[in-house]
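Read through the structure below, which is laid out as structure tokens, and then see the notes.
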Amino acid sequence: MLPLTLAIIDGMLIRAGGQQLVVPKGQVHEVIKLEPEVITQMTGRCPYLNLRNTIVPIFYLESDWGSVAKEDVPSIALIVKHNDQVFAVGITDIMRQQQVVVKPPTKEILNKQGVMGTTILGDGKPSLIIDLINLYSRMLRQEMNNESNLRAAA
């Protein structure tokens, strides 16, 4: 028997940190190949990506959702636009796009920032559904404040 409330979303099944995760397709504005020469690392700040002459902070799911093995080097960036904020998320691979049934998070992961829910994939394996905006909003606000402070000091 199906529950009365059932949510189905268009998702991107990605690999990051050796795990398969689902990202809502509606959160992804653009997908680009991640080239090392377009990334700038500044001391005390998150790395930045030069995207068509726009400086965009980049975060890595690998550091938040598992260990980084040699074969799991981020090679793709998901560009996320939310309101007036733009940021990139580095991932290892996009496996496919598919619709997934959203199941509510269990009590063990209910308070984990950035987890929208869970789903069962076609192969029977469970996967977390990651809310990129929620996951990186705190860090993005901090980066924006750092940027404002640097401009004010200049």
Matching residues in region 69-100 - criterion: being closer than 20 Å to residue 37 by Cβ and at pLDDT below 80: 73
Within region 17-68, considering residues that are at pLDDT 85 or above and among the basic types (Lys, Arg), the one surrounded by the most Cβ atoms within 10 Å (Cβ to Cβ): 25
Candidate set: region 39-64, residues that are of a type in the set (D, E, K, R) and within 12 Å of the chain's Cα centre (by Cα); chosen: the one farthest from residue 78 (Cα to Cα): 64
Contacts under 6 angstrom Cβ, first residue in region 25-38 being within 9 Å of residue 79 (Cα to Cα) and charged (D, E, K, R), partner modelled with pLDDT under 85 and loosely packed, with under 14 Cβ neighbours inside 10 Å, 6 or more apart: none
Number of the exception - residue 141 against (1) part of a loop (DSSP other than H, G, I, E, B); (2) under 28 Å from residue 45 (Cβ atoms); (3) among the basic types (Lys, Arg): (1)
Selected residue (only one of 14, 9 is in contact with a Pro (Cβ under 8 Å, 6 or more places away or on another chain), part of a strand (DSSP E or B) and modelled with pLDDT of 85 or more): 9
Qualifying residue in region 101-124 (condition: under 25 Å from residue 35 (Cα atoms), at pLDDT 85 or above and not aliphatic (A, V, I, L, M)): no
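Give, as residue ranges, the strands (runs of 3 or more DSSP E) completely inside region 81-128 that count at least 2 residues that are touching a residue at least 40 places away in the same chain (Cβ under 8 Å), among the β-branched types (Val, Ile, Thr) and surrounded by fewer than 18 Cβ atoms within 10 Å (Cβ to Cβ).
So the answer is 93-102.
The values are calculated or read from the model by the stated rules, or taken from the named source; none is laboratory data. Since this is a predicted model, take the numbers as computed values, not measurements. In this analysis, Cβ positions are derived from the backbone assuming ideal geometry, glycine residues included, and neighbour counts consider all displayed protein chains.
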